[in-house]
């Protein structure tokens with residue numbers, strides 16, 4: 001397999017996850033291509049004096065770096081020394097791995113998936129600010145989407161609109177914008193969630209709880225942590 005393909009996959013996964021171990025890189029490449037590779041091959045390749053030097057240069061052009069002898073990370077992880085915090089926050093979460101064609105779109109450092117909810121927000125902003133240039137409105141919506149990695153804050157939304165010179169005149173407008181932004185954030189792919197949207201991750205967790213609930217006894221403590229017996233809490237028959 002050619003080096004460019006490996007660079008494309010690594011860049012795509014770092015853009016989706018922020019941090020990706022060599023093992024996950026090898027697993028995904030092997031599952032989506034005819035050639036099977038191991039993490040040791042990735043390590044030997046990136047540490048090779050010649051091939052590794054070229055690979056690191058190609059990755060750095062996409063803001064991706066080799067880290068700690070077993071990981072690839074995004075530039076922001078390096079700049080803010082955020083590896084430990086980000087890695088810890090990801091633990092226990094599965095990796096979102098789309099089909100090959102969709103995954104490799106993320107190899108472009110400028111690519112960012114825009115869900116339907118993004119366009120719902122953008123369209124509402126067009127109705128609020130009909131005289132604003134279309135690229136300004138789209139840029140504003142993109143900036144609001146980029147906030148999805150951080151905790152939701154109404155004050156931050158207000159500051160962002162003020163910064164862009166787009167004034168929300170009525171409380172009803174702010175309420176609607178806040179609802180649309182929150183909906184967009186819930187359907188935005190997040191690195192902290194290893195590529196899953198908050199909505200998708202919630203659905204995955206709910207499936208796990210349902211699976212566990214089939215095994216729990218009616219007199220066992222409830223999974224929700226209420227302290228009640230399962231039959232008196234989440235397992236209560238309506």
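Only one of (i) 41; (ii) 12; (iii) 20 was calculated from the structure for percent of Cα pairs over 31 Å apart, and its label is (i). Cβ-Cβ distance of residue 174 and residue 87, R₀ of 35 Å, FRET efficiency by 1/(1 + (r/R0)^6): the value works out to about 0.45.
In percent, rounded to a whole number, the relative contact order of the chain is 20, using alpha-carbon pairs under 8 Å and six or more apart. Under 13 Å from a point 7 Å along the Cα-to-Cβ line of residue 51: which residues of region 1-22 have their amide N that close? Output list for this probe position: 1-7. Compute the whole-percent fraction of alpha carbon pairs in region 116-186 spaced more than 17 Å apart. Cα-Cα pairs in region 116-186 separated by more than 17 Å: 32 percent. Projecting label points 7 angstrom from Cα along Cα→Cβ for residue 166 and residue 78 puts them 3.4 nm apart. Label separation (residue 31 vs residue 5): 1.7 nm, computed from points 7 Å beyond Cα along the C-beta direction.
Quick note: the coordinates plus some simple rules give every number you see, no bench work behind them. Because the structure is a prediction, the values reported are computed rather than measured. Counting neighbours? That spans all protein chains shown, and the Cβs are built from the backbone with ideal geometry, glycine included.
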